[in-house]
Amino acid sequence: MQDTQILYQNSLAFAKACDAQDPLRSFREKFHFPKDADGNNYIYLCGNSLGLQPKNVQEFIQKELDHWAKIGVEGHFKADIPWTEYHRALSKNMADIVGAKPDEVIIMNTLTTNLHLMMVSFYRPTPKRNKIVIESDAFPSDIYAVKSQIKHHGYDPEESLILWQPREGEYLNHYEDLEAIMEQHGDEVALVMLGNTNYYTGQKYPMKKITDLGHKHGAMVGFDLAHGVGNIDADLHETGPDFAVWCTYKYLNSGPGSLGGCFVHERHAENKEIQRFTGWWGHKLETRFNMRLDFDPAYGADGWQLSNPPILSMAAVRASLEVFAEAGFKNIRKKSKKLTGFLEFLINEINDDRINIITPKNPEERGCQLSIQVKDADKSMFDGFMEAGIICDWREPDVIRVAPAPIYNNFEDVYEMTVRLRELLNN
Ligand SMILES: *Cc1c(COP(=O)(O)O)cnc(C)c1O
């Protein structure tokens, strides 16, 4: 059955029936929900900003604390999972979520740091080809990063940054407009770098088409999957971008400020000529501890590591990835389409001219987030949500982002949220 053909009903009974049939319903119990002063769970719809804490995180971190306490430095080689190889224990589960091969992914650093490291390797401007294409409403950190890279190479962002923007009076980007940019400037573009999905509108861009388009014109292609990882099917290996970066604290629930992830396509796995910033942890494991050799990069994404990783944070990521692996990403995505479809249906049922969903209607062109524009609203609307027991998020000037995370949200959450939205609009 096509997701678009689901017949929804506007009732609590329907929401409860969907929950009863949901194969992932038990996963909710694996997370800590924030509670109000009376001990009631908040309705948490903010996984796009910070995912909830999986209950197994504590045990995974405790285990490494115990190793450290009991065997100290020996933990590097004698912990249950030796710390020198700890990152490898995350690769398979991480790769499954983004549709990559384990050697193509690495958990390291943080998102913006990884974006810079990837641009060191994949943004190699020349006088003839020095432009970067991004979406006009890219996340600020991404804009700062690309502009500083352009300047670092001695070029001017005014000339070397091309914005893919929505048409007059619209919010979403058209692929055809990106195509037109590439037709016009293709031989000057060094890198196409897009956030996917867009953090503000929730629009998911067609990754395969964009990757093929960039490559056809001789550019490198990278994606920032901060809002995509754990949310959309990225299928990175088949899609074929040169790199991708993401954080793990949003939909992947690994904790505030936690580590980032990075994908480098297999085609670059053995290329030792690629410029990169290097550190000892990117050196081949077999000879890393000989210490006096010239840098010899490890195969694949591992070769971009700089430092020995923070094991306590890695343990939190590992815990969270295990929850995802148990649920299976395909199942998560399937539920997500139905859950967000229900949210969309209920908002449309409110039938109020002041509200407008700017996220694409087609489930294939979005993840779980809906961005709801509320005419003449200000931040007091958001405060009203908090008072009504709902945690979602507010983006200036007038957008509420609501992200039902399929791993821990249910149909009843979505139903309750829209009941309270209706009340807020009536007041
Ligand atoms: C959340 C987010 C960031 C945040 O970057 P950090 O380096 O993790 O602080 C950057 N870019 C995008 C697109 C994001 O959604």
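The values are calculated or read from the model by the stated rules, or taken from the named source; none is laboratory data. This structure is a prediction, so every number in the text was calculated from the model and none was measured. Glycine gets a Cβ as well: all are built from the backbone with ideal geometry, and neighbour counts include every protein chain shown. The protein model used for the area step is the full one, side chains on, heavy atoms only, and it has no ligands, DNA or RNA in it. Shrake-Rupley method; radii C 1.70, N 1.55, O 1.52, S 1.80 Å.
Quickly work out the Leu306-to-Ala69 label distance, labels modelled 7 Å from Cα along the C-beta direction, and quote it in nm with one decimal.
For Ala69 paired with Leu306, the spin-label model returns 3.2 nm.
Expressed in nm to one decimal, what extension gain is obtained for the pair Ala13 and Lys92 from 0.36 nm per residue of sequence separation less their Cα-Cα distance? Mind dumping the intermediate values first?
Numbers: separation 79, 0.36 × 79 = 28.44 nm, distance 3.94 nm.
Value of the extension gain: 24.5 nm.
Report, ordered by chain and residue number, the lysines lying within cross-link reach of Lys284, taken as a straight Cα distance under 21 Å and ignoring same-chain residues fewer than 8 apart.
Lys78, Lys92, Lys101, Lys272
Positive end of the dipole of the stretch 86-325, charges at C-beta (+1 Lys, Arg; -1 Asp, Glu), about the Cα centre: which of Ile97, Leu191, Trp164 has its Cα farthest in that direction?
Final value for the positive-end residue is Ile97.
Relative contact order for the chain: what percent, with Cα pairs under 8 Å and sequence separation of 6 or more?
Details: 779 pairs, mean separation 100.1, N = 427.
Averaging sequence separation for qualifying contacts and normalising by length gives 23 percent for the chain.
Given a 1.4 Å probe, how much area per residue of the stretch 337-427 is accessible, in Å²?
On the way: 3620 Å² over 91 residues.
I get 40 Å² per residue for the stretch 337-427.
What are the trypsin sites (Lys or Arg not before Pro) within the stretch 150-215 that DSSP puts in a loop, where the Cβ has at most 16 other Cβ atoms within 10 Å?
Working: sites: Lys151, Arg167, Lys204, Lys208, Lys209; in loops: Arg167, Lys204.
When the trypsin sites (Lys or Arg not before Pro) of the stretch 150-215 are filtered for loop state and at most 16 Cβ neighbours within 10 Å, Arg167 remain.
Highest GNM mean-square fluctuation, the chain, Cα pairs closer than 10 Å: which of Pro297, Pro127, Pro256?
In the Gaussian network model the winner is Pro127.
Enumerate by residue number the chymotrypsin sites (Phe, Trp or Tyr not before Pro) in the stretch 253-305 meeting two conditions: DSSP loop (anything except H, G, I, E, B), and at most 12 other Cβ atoms within 10 Å of the site's Cβ. Mind showing how you got there, number by number?
Values: sites: Phe263, Phe277, Trp280, Trp281, Phe289, Phe295, Tyr299, Trp304; in loops: Phe277, Phe289, Phe295, Tyr299.
Sparse-neighbourhood loop chymotrypsin sites (Phe, Trp or Tyr not before Pro): Phe277, Phe289, Tyr299.
Mind checking the full-extension length gain between Glu349 and Glu396? Use 0.36 nm per residue of separation minus the Cα-Cα distance, one decimal, nm. Walk me through the numbers on the way to the answer.
Details: separation 47, 0.36 × 47 = 16.92 nm, distance 2.50 nm.
Difference between extended and current length: 14.4 nm.
Based only on Cα atoms, what mean projected area does the convex hull of the stretch 86-325 have, in nm²?
Values: hull surface 50.9 nm².
That works out to 12.7 nm², a quarter of the Cα hull's surface.
Let me spell out the model: positive unit charges on the Cβ of Lys and Arg, negative unit charges on the Cβ of Asp and Glu, origin at the Cα centre of the chain. What dipole size does that give, in debye rounded to 20?
On the way: 46 positive and 61 negative charges, 192 e Å.
Dipole size: approximately 920 debye.
Do you know the relative contact order of the stretch 168-267, to the nearest whole percent, from alpha carbon pairs under 8 angstrom that are 6+ apart?
Details: 151 pairs, mean separation 22.4, N = 100.
Here the relative contact order equals 22 percent.
Would you work out which of Gly384, Ile274, Met314 lies farthest towards the positive end of the dipole of the chain, given +1 charges on the beta-carbon of Lys and Arg and -1 on that of Asp and Glu, about the Cα centre?
Met314
Tell me which residues come under 5 Å, amide H to amide H, from His32 once H is placed; ignore anything under 5 positions away on its chain.
Gln53, Lys55
So what are the stretch 9-160's ellipsoid semi-axes, whole angstrom, largest first, if each one is the square root of 5 times an eigenvalue of the alpha-carbon gyration tensor?
Working: eigenvalues 288, 169, 50 Å².
Result for the stretch 9-160: semi-axes of 38, 29, 16 Å.
Contour minus end-to-end for Glu238 and Asp156, with contour as 0.36 nm per residue of separation and end-to-end as the Cα-Cα distance? Don't skip to the answer; put the middle values down first.
Working: separation 82, 0.36 × 82 = 29.52 nm, distance 3.40 nm.
Here the answer is 26.1 nm.
Any idea how far apart Lys35 and Asn426 come out in nm if each label point goes 7 Å out from Cα toward Cβ?
3.0
Enter the accessible area per residue of the stretch 46-122 (Å², integer; probe 1.4 Å; all protein chains in place).
Values: 3290 Å² over 77 residues.
On a per-residue basis, the stretch 46-122 sits at 43 Å².
Along Cα→Cβ, 7 Å out, is where each label goes; now give me the distance between the ones at Gln275 and Lys361 in nm to one decimal.
Once both label points are built, they end up 4.7 nm from each other.
Counting only heavy atoms of protein chains, what accessible area per residue, in Å², does the stretch 146-264 have with a probe of 1.4 Å?
On the way: 4250 Å² over 119 residues.
That works out to 36 Å² per residue.
One quarter of the convex hull surface, Cα atoms only: what value does that give for the chain in nm²?
22.4
Among the helices of the chain (complete DSSP H runs), which have Cα atoms covering no less than 30 Å along the helix axis and a Kyte-Doolittle mean of at least -1.0? Present the calculation step by step, with values, prior to reporting the outcome.
Numbers: long enough: 329-350 (32 Å, -0.30).
In the chain, the long hydrophobic H runs are 329-350.
For Arg124, what accessible surface area do you get with a 1.4 Å probe? Give it in Å², rounded to 10.
Here the accessible area works out near 120 Å².
Considering only protein heavy atoms and a 1.4 Å probe, what is the carbon-and-sulfur percentage of the accessible area of the chain?
Working: 9260 of 18910 Å².
Of the solvent-accessible surface of the chain, carbon and sulfur hold 49 percent.
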